[in-house]
Each structure stands twice: as structure tokens, then as C-alpha cells.
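Just below is one structure, and these are the notes that go with it.
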């Protein structure tokens with residue numbers, strides 16, 4: 001996969017405090033490395049907002065959305081997820097003023113890594129196809145939403161047998 005770059009020219013903002021430029025982008029993200037539950041993007045990531053020079057710090061303030069196809073955390077069925085997020089970044093040509101401000105050495109900013117990070121940070125940890133998803137059988141792997149299997153579910157790993165005494169059904173806790 002080639003390197004993806006989404007460069008935005010910010011040269012007109014330098015030296016003009018208070019000046020803004022609109023941002024309206026559509027970005028294809030095909031790199032899902034590190035996110036095995038993400039099957040793919042069903043539409044490009046759309047970004048709308050502004051880049052503004054505030055006291056010689058370039059502030060990106062935008063909102064984004066996209067439609068993802070992810071795997072259900074229980075049964076692995078495909079699930080479409082609409083994702084909405086905010087994107088707020090600060091840049092400075094004078095160097096890193098603090099850890100929240102990125103240094104800019106050119107007259108343009110590559111927004112791709114910031115957009116990609118924000119998208120993946122906003123994906124919910126556990127996505128299920130439906131609230132009552134039964135998941136997969138731990139023995140045979142059958143999707144239990146499609147029906148039961150014939151596996152013996154009474155087996156308890158002997159390593160956990162001592163825990164059974166803690167949950168004696170005849171005793172009141």
C-alpha cells in the first residue's frame with residue numbers, strides 16, 4: 001500500500017491572525033492495520049471545518065463522519081456503523097510550544113494521520129449486531145444466533161472448579 005497524503009495549504013494563514021480557511025474534504029482510508037475488527041470503509045471519511053490562525057497557532061476545528069463495516073464482537077457477523085467525530089488539532093511554525101501543538105515545517109499540513117487516528121479512536125470498543133446476540137459456540141464455532149449446536153456445554157475447566165464452591169446455588173449470599 002502506498003503512502004496516503006492529504007495536504008492542505010496553510011501558507012495564507014501565516015502572519016494573518018484571525019484569518020480562516022474552510023476545509024471540506026473527502027478522504028479514502030484503506031489502511032485498517034492494527035484494527036482487525038474493521039472490515040472496511042463503506043464510504044469516504046468526510047471532513048468539514050476550518051483552519052484558523054489564532055495568535056500564530058493554526059487551529060483545525062472540524063467534524064467528520066463515515067460509514068464503517070466492522071465485525072460483531074460476539075458472533076463476527078458484519079455490522080455497519082455510522083461514525084461521527086470531532087477533529088481538533090493545533091499547529092505552530094515556531095516549533096512545539098507544548099505537547100498539544102504540532103510543529104509545522106512547511107506551508108502545508110498533511111491531515112491524513114490526524115483524521116485516521118481520530119476515526120479509529122472513536123470506534124466503540126465492543127460492537128454487537130444486536131443487543132441479544134448469542135455469539136459463537138466456544139467448542140464448534142457455530143453462530144448461536146442461527147440455532148443451537150449439539151456441543152456439551154456442561155464441561156467446566158478443572159482449573160476453575162474451585163470457584164464453583166463460591167457460587168453454591170443452595171446458599172444465600
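Scanning the range 57-90 for residues that are surrounded by fewer than 18 Cβ atoms within 10 Å (Cβ to Cβ) and touching a residue at least 60 places away in the same chain (Cβ under 8 Å) gives 76, 77. On the stretch given as the range 38-56, residues that are surrounded by 19 or more Cβ atoms within 10 Å (Cβ to Cβ) and out of contact with any helix residue (DSSP H, G or I) (no Cβ under 9 Å at 6 or more places or on another chain) total 1. The criterion of being touching a helix residue (DSSP H, G or I) at 6+ places or on another chain (Cβ under 6 Å) and modelled with pLDDT under 90 holds for residue 107. Just checking, does the range 94-104 include any residue being assigned to a loop (DSSP other than H, G, I, E, B), closer than 25 Å to residue 33 by Cβ and in contact with a strand residue (DSSP E or B) (Cβ under 6 Å, 6 or more places away or on another chain)? No, because not a single residue in the range 94-104 is assigned to a loop (DSSP other than H, G, I, E, B), closer than 25 Å to residue 33 by Cβ and in contact with a strand residue (DSSP E or B) (Cβ under 6 Å, 6 or more places away or on another chain). Looking at this structure, is residue 134 at pLDDT 90 or above, over 21 Å from residue 22 (Cα atoms) and out of contact with any strand residue (DSSP E or B) (no Cβ under 9 Å at 6 or more places or on another chain)? It is false that residue 134 is at pLDDT 90 or above, over 21 Å from residue 22 (Cα atoms) and out of contact with any strand residue (DSSP E or B) (no Cβ under 9 Å at 6 or more places or on another chain).
Restricting to the range 12-53, name every residue that is more than 26 Å from the chain's Cα centre (by Cα) and either modelled with pLDDT of 90 or more or not assigned by TED's automatic domain parsing to the domain that holds residue 90 (or both). Once the filter is applied, which keeps residues that are more than 26 Å from the chain's Cα centre (by Cα) and either modelled with pLDDT of 90 or more or not assigned by TED's automatic domain parsing to the domain that holds residue 90 (or both), the range 12-53 yields 19, 20, 21, 53.
The values are calculated or read from the model by the stated rules, or taken from the named source; none is laboratory data. This structure is a prediction, so every number in the text was calculated from the model and none was measured. Virtual Cβ from ideal backbone geometry, glycine too; neighbours counted across all protein chains shown.
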